[in-house]
Ligand code: FES
């Protein structure tokens, strides 16, 4: 996937007496200019998993990169909303320790809101 990698992770959430294992993934864009950008794969409409759009369609309209298979929301390569929803993908602050990157999955940063007229 051009410029973006799908990175799987596992975690265990302990909430009072409930222990919940999580197997999920994030999309990571890493470039020398803007650094590491980590995005949630959950669509901001109803939470379906977004997917990269077919390569031939990417960038054609408003920088399309990701598309939601459920109802067609579209996002650019940094997770900004470009069609059908007004809120971009949640992101995670990279936590770098000894050359490894971690995220706090319980503290996503809400995606920015786009006002369309
Ligand atoms: S859940 Fe993604 S567009 Fe509806």
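What follows draws every value from the coordinates through simple rules; no lab data is involved. Here the structure is a predicted model, which is why all the values come from computation and not from measurement. Quick reminder, even Gly has a Cβ in these numbers, built from the backbone with ideal geometry, and neighbours come from all protein chains shown.
Details
- Residue within the stretch 25-38 that is touching a strand residue (DSSP E or B) at 6+ places or on another chain (Cβ under 7 Å) and without any contact (Cβ under 8 Å) to a residue 24 or more places away in the chain present: yes
- The residue that is nearest to the ligand (Cβ to nearest atom), counting only those in the stretch 81-99 that are in a loop (DSSP other than H, G, I, E, B), surrounded by fewer than 20 Cβ atoms within 10 Å (Cβ to Cβ) and within 16 Å of the chain's Cα centre (by Cα), is 86.
- Among the criteria (1) over 9 Å from the mean Cα position of the chain (by Cα); (2) within 16 Å of the ligand (Cβ to nearest atom), the one residue 60 does not fulfil is (2).
- Among the residues making up the stretch 1-56, those that are outside any strand (DSSP E or B), within 16 Å of the ligand (Cβ to nearest atom) and at negative phi are 40, 41, 43, 44, 45, 46, 48, 50, 53.
- Residue within the stretch 101-114 that is within 16 Å of the ligand (Cβ to nearest atom), in a loop (DSSP other than H, G, I, E, B) and over 11 Å from the mean Cα position of the chain (by Cα) present: yes
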